[in-house]
Structure formats: structure tokens, C-alpha cells
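Data block below; observations after.
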Amino acid sequence: MWYRYLVNQWKMVNHKMDNLFDVIVVGSGVIGSSVAYHLSESKKHEVLLIDKGFPLSGTSGSTQAWVWVHSKTPSWYGELSMLSAELYPFLEKKIGDVEYKRTGGIAPFFNEAERESALRLAEKQAEVGIEIEVLNREEVLEKEPSLSPEIAGATFSKIDGNVNPFRLVELYVKAARKNGVHCSFYNPVNDIEKSGDIFQVKTQKGSFRSKKIVLAGGPWSKELGKMLGMDMPVKQVRGQILVTEPLQPFLKYTIGGIRQADNGEVLIGYSKEEVGYDRRSTLDVMQQTARMAIDFIPALSKANIVRCFSGIRVMPEDGFPILDEVPGMEGAYVIAMHSGITLSPLIGTLMTELLTEGETSINLSRFSLERFNGIQSR
Ligand SMILES: Cc1cc2nc3c(=O)[nH]c(=O)nc-3n(C[C@H](O)[C@H](O)[C@H](O)COP(=O)(O)OP(=O)(O)OC[C@H]3O[C@@H](n4cnc5c(N)ncnc54)[C@H](O)[C@@H]3O)c2cc1C
């Protein structure tokens, strides 16, 4: 036992002296911190998690945080989201209470033509095991009486819910640290080089070396990709959110675009704008968002808005996740996706399988870089 302790101590010191890690994860948003945590569970890897800010300084700290499944299409994408949502209860057993609530989700529609597509959605999603009910007006209002009587109906599924993103990321990082992951925050990565089999990660606080590297830079994925000589096929898409004063609990379900948090605040938002890294809130979008909220839930016209914020989604060019090894650069992996809150438990699991076993329990070809033309590394 003493011998093992001494060997471990020697390993730690030795790694610190030569700054060599098995895996360096760049970016400690929900995706990078999930990867670091899941990797740490096996205790097989010496892992370093680096962030230029703190774990919630990116998109994961400015999100709606639905764990949303039922309207995700095509159905293979819905299935991926469902598998991840199914992991949440177990994740909570392991890392602690992330305030995950499977509330059930309602996506209202306002005319009969939309009912047709709702029925088609229900049929397609049933093929992969996502149960959706298509409700008429009375049925929706019985479930969620605050919704507008103007709606024609809604799709409903029990699988949808939401989570507290702050607790989620904090607890991923805490559990990863407990399992031995090293963290270096407030430390931008400025360049990455590969010599032989080893990556050199040059940061503001010095150089680190690793056998494998995972880039999970969220909206900054393009900049990080350039360090590996590749053009990451992602866009930045701003989303603006309004937050009401705390209200008595009145929303039971997670509604498409609207949810009530535990403290009573209602978070409202659905906007999508391609404006680069500009995180300002703008009056026109705030007004449209407020109008949308009142169309859905008329009583919100009496609520005070106390805060607004915006976040930048990292959006792969075709909208679907990227999780792949960089072509021509063995040991370098990139992960970028929208809906990272929903997908993080599954993505962390799959990335760990890939890094540890070289293969995954779900075929990742749909998430490859090859599907975009012209992605080349140097
Ligand atoms: C308004 C809005 C609403 C959303 N609603 C939902 C929702 O309801 N459900 C859902 O599932 N998803 C939602 N999303 C999407 C979800 O929030 C994101 O997919 C997720 O947060 C992305 O996590 P990430 O770890 O990839 O990125 P981030 O959280 O941005 O993390 C990336 C990290 O990389 C670091 N980094 C970047 N460059 C460097 C560098 N050079 N050196 C060191 N560190 C670096 C950054 O500092 C950052 O911390 C929403 C997004 C927005 C904007």
C-alpha cells in the first residue's frame, strides 16, 4: 500500500515536472467538463482541463438549459437526445443534485396545418421509442391552464425537462477534480503543436504536453481548430433570454421557449441571430420575445422583466453534433454542438469510450467531420 502511494506520488510529481498528461481537454463548459469527468471515472488517464476563463464563462453559463428531446428531428437526433436524457438520473446519483427535473414538455401549435406535422412527428419519433401525444386545445389547457386558449393544440412528451446548468457544470468539475483531474482556469490556450506523438499546448501560464487532446471550445471552436490547421464547420448564433421577477409556481411543464425555474423566475427565449461574438441584448429582440411569451401565456403580460442576457450558440453548419478525431492528426479530437446541456451526459460517455477503447457503443459516423466537404488538417 505504501509502495502504491509512493508510486502515485512519484507519478504526480513527475507529470508536474514534465507537464505530460494523457489527455488535455480545452474548454470547461458543459461539454469539456463532462468529458473530463467521464474520463476521470475510469481513473486510467491523467487529465488536464484548461479554460481561458472559468467553467461557466462560455455558453454553458448563458443558456435556457432544457433537457429537450421530443421535437428534435430527424428521429436519430431525437433518439440521441433521449439516450442522453435517460442518463441524467444516474448522473445525479454520481455527481450530486443538478436539479434535473423531468417535467414533461409541451410544444404548442396554433393552427390545424401544424397538427398534421405534429401527427407525423409523433409517428416518426415512435419508431425510435420517443412517446409523443398530440393533444387538442382542451387537453393542453387541462395540463397547463396558463397557456393561451388561442392555441390549437400541442405535442407533449414525458421525456423532456430541464436542469440547473450552473450546478451541472460545477458538479462535473468538482467530481472530476475529486477523481484526480488537474484544472488550469483563467489560462488561454494560444497555440497547439504536435511533435512526434506528443501535443504541445501553449498557454498563457506555460506549456503542457499530452498524448491526446480534446478541443471543446464551444463558440470559440473555429479559433481552436485553426491551431490544428483546420477550419471548423461551425457558426455562432446568438440567443437572447428574458427573465421575469420570481412568480408563484404556475408552470408545471417545460414549454417550447419558456420555463419556470425553481426560484419562480420565468426564462423566455427562442431568438437566433448570426452576429458573431456580440453578446448584447437588443430592444427589438427583447420586444419580440416578450410578445411571443404573451401569445403563449397571456398572464405573463403582468410580469415584470428583471433581467435579460444573451449567449452564443456554437452551431455546426448542418445543425448536428460534431465529435470526431481530426483527419490526419491522430490523437486530436474536436467536439462542438448545440443542445450541449441535453447531450452532455451522453457525449462525455461516448468521448471516454473513444479515448479509452478506440470504439464507441453508438456509431459516430453521423458526427464525423467527413460529412462536411473540404475539412483538411495540415
Ligand atoms: C440562449 C441559449 C439557449 C440555449 N438553450 C439550450 C437548452 O435549452 N438546452 C440545451 O441542451 N442547450 C441549450 N443551448 C445550447 C447549450 O447551452 C450549448 O450547446 C452548450 O452550453 C455548449 O457547451 P460547450 O461546453 O460546448 O461551450 P461553452 O460553454 O462555451 O464552453 C467552451 C469553453 O471553452 C473555453 N475556451 C474557448 N477557447 C479557449 C482557449 N483558446 N483557451 C482556453 N479555453 C478556451 C471557453 O472559455 C468556454 O468556457 C442554448 C444556448 C443558448 C445561447
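Where a number appears in this text, it was derived from the coordinates with a stated rule and is not lab data. Because the structure is predicted, anything quoted here is derived from the model rather than measured. Quick reminder, even Gly has a Cβ in these numbers, built from the backbone with ideal geometry, and neighbours come from all protein chains shown.
Would you mind checking Lys178/Lys211; Lys52/Lys101; Lys72/Lys124; Lys52/Lys222 for any pair whose Cα atoms are more than 19 angstrom apart? Please report the intermediate quantities before stating the final value.
Values: Lys178/Lys211 22 Å; Lys52/Lys101 31 Å; Lys72/Lys124 11 Å; Lys52/Lys222 15 Å.
Exceeds cut-off: Lys178/Lys211; Lys52/Lys101.
Quick one: P(r) of the chain from all Cα-Cα pairs, 20 Å bins, percents rounded to integers, in order of increasing distance.
28, 55, 16, 1
Would you mind telling me which residue in Phe156, Phe90, Phe185 has the biggest mean-square fluctuation in a Gaussian network model of the chain, where springs connect alpha carbons within a distance under 10 angstrom?
Its mean-square fluctuation being the largest, the pick is Phe90.
Determine the percent antiparallel among the DSSP beta bridges restricted to the chain, to the nearest 5. Don't jump to the answer; show the numbers that get you there.
On the way: 45 of 63 bridges.
So the antiparallel bridges amount to about 70 percent of the total.
Rounded to the nearest 20 debye, what is the charge dipole size of the chain about its Cα centre when +1 sits on each Lys and Arg Cβ and -1 on each Asp and Glu Cβ?
That gives a dipole near 1400 debye.
As an exercise, identify the chymotrypsin sites (Phe, Trp or Tyr not before Pro) in segment 212-309 lying in DSSP coil whose Cβ has no more than 15 other Cβ atoms within 10 Å. Each step should come with its number before you reach the end.
Values: sites: Trp220, Phe250, Tyr253, Tyr270, Tyr277, Phe296, Phe309; in loops: Phe250, Tyr253, Tyr270, Tyr277.
Answer in residue order: Phe250, Tyr277.
Can you tell me the 0 to 90 degree angle between the C-alpha axis of helix 75-95 and the longest principal axis of the chain, rounded to 10?
That works out to roughly 70 degrees.
For segment 115-199, state which GluC sites (Glu not before Pro) are in a DSSP loop and have at most 15 other beta carbons lying within 10 Å of their beta carbon.
Details: sites: Glu116, Glu123, Glu127, Glu131, Glu133, Glu138, Glu139, Glu142, Glu150, Glu170, Glu193; in loops: Glu127, Glu131, Glu150.
For GluC sites (Glu not before Pro) across segment 115-199 that sit outside H, G, I, E and B with at most 15 neighbouring Cβ atoms in 10 Å, the list reads Glu127, Glu131, Glu150.
What angle do you read, to the nearest 10 degrees and between 0 and 90, between the alpha-carbon axis of helix 30-41 and the longest principal axis of the chain?
50
I want to verify a result. In a Gaussian network model of the chain, Cα cutoff 10 Å, which of these has the top mean-square fluctuation: Gln248, Gln240, Gln260?
Of Gln248, Gln240, Gln260, the Gaussian network model singles out Gln248 as fluctuating most.
Less than 11 Å Cβ to Cβ from Arg167, Lys/Arg counted +1 and Asp/Glu -1: what total charge do the surrounding residues give? Walk me through the numbers on the way to the answer.
Values: positive: Lys174; negative: Glu92, Asp97, Glu99, Glu170, Asp262.
Here the count lands on -4.
Name all residues of segment 160-177 having a backbone nitrogen under 18 Å from the label point set 7 Å from the Cα of Glu41 along its Cα→Cβ direction, giving them as ranges.
168-177
With the dipole of segment 222-378 worked out from charges on the C-beta (+1 for Lys and Arg, -1 for Asp and Glu) around the Cα centre, which of Ser368, Gly256, Gly229 lies farthest toward the positive end?
Gly256
Identify which of Ala85, Ala113, Ala65 has the largest mean-square fluctuation in a Gaussian network model of the chain, with springs joining Cα atoms closer than 10 Å.
So, out of Ala85, Ala113, Ala65, the one fluctuating most is Ala113.
How far apart, in nm, are the 7 Å Cα→Cβ label points at Ser117 and Lys302?
Computed distance between label sites Ser117 and Lys302 equals 3.4 nm.
With everything on Cα atoms, drop me the angle between helix 165-178 and the longest principal axis of the chain, reported from 0 to 90° to the nearest 10.
For 165-178 against the chain, the angle is about 20 degrees.
With r defined as the distance between the Cβ atoms of Gln288 and Ile198 and R0 fixed at 56 Å, what FRET efficiency is calculated, to the nearest 0.05? Spell out each step's value before the answer.
On the way: r = 51 Å, r/R0 = 0.90.
Approximately 0.65, to the nearest 0.05.
Could you list the GluC sites (Glu not before Pro) in segment 255-357 that lie in coil according to DSSP, counting only those with at most 14 other Cβ atoms within 10 Å of their Cβ?
Numbers: sites: Glu265, Glu273, Glu274, Glu317, Glu325, Glu330, Glu353, Glu357; in loops: Glu265, Glu274, Glu317, Glu330.
Here the GluC sites (Glu not before Pro) that fit, given the DSSP loop and packing criteria, are Glu274, Glu317, Glu330.
Quote the charge dipole size of segment 235-316 about the Cα centre in Debye, to the nearest 20; the model charges only the Cβ of Lys and Arg (+1) and of Asp and Glu (-1). Each step should come with its number before you reach the end.
Details: 11 positive and 8 negative charges, 27 e Å.
Around 140 debye, computed over segment 235-316.
Which net charge results for the neighbourhood of Val128, defined as the other residues with beta-carbon distances under 13 angstrom from its beta-carbon, given Lys and Arg at +1 and Asp and Glu at -1? Don't skip to the answer; put the middle values down first.
Values: positive: Lys72, Lys124; negative: Glu79, Glu86, Glu123, Glu127, Glu131.
Combined, the nearby Lys, Arg, Asp and Glu give -3.
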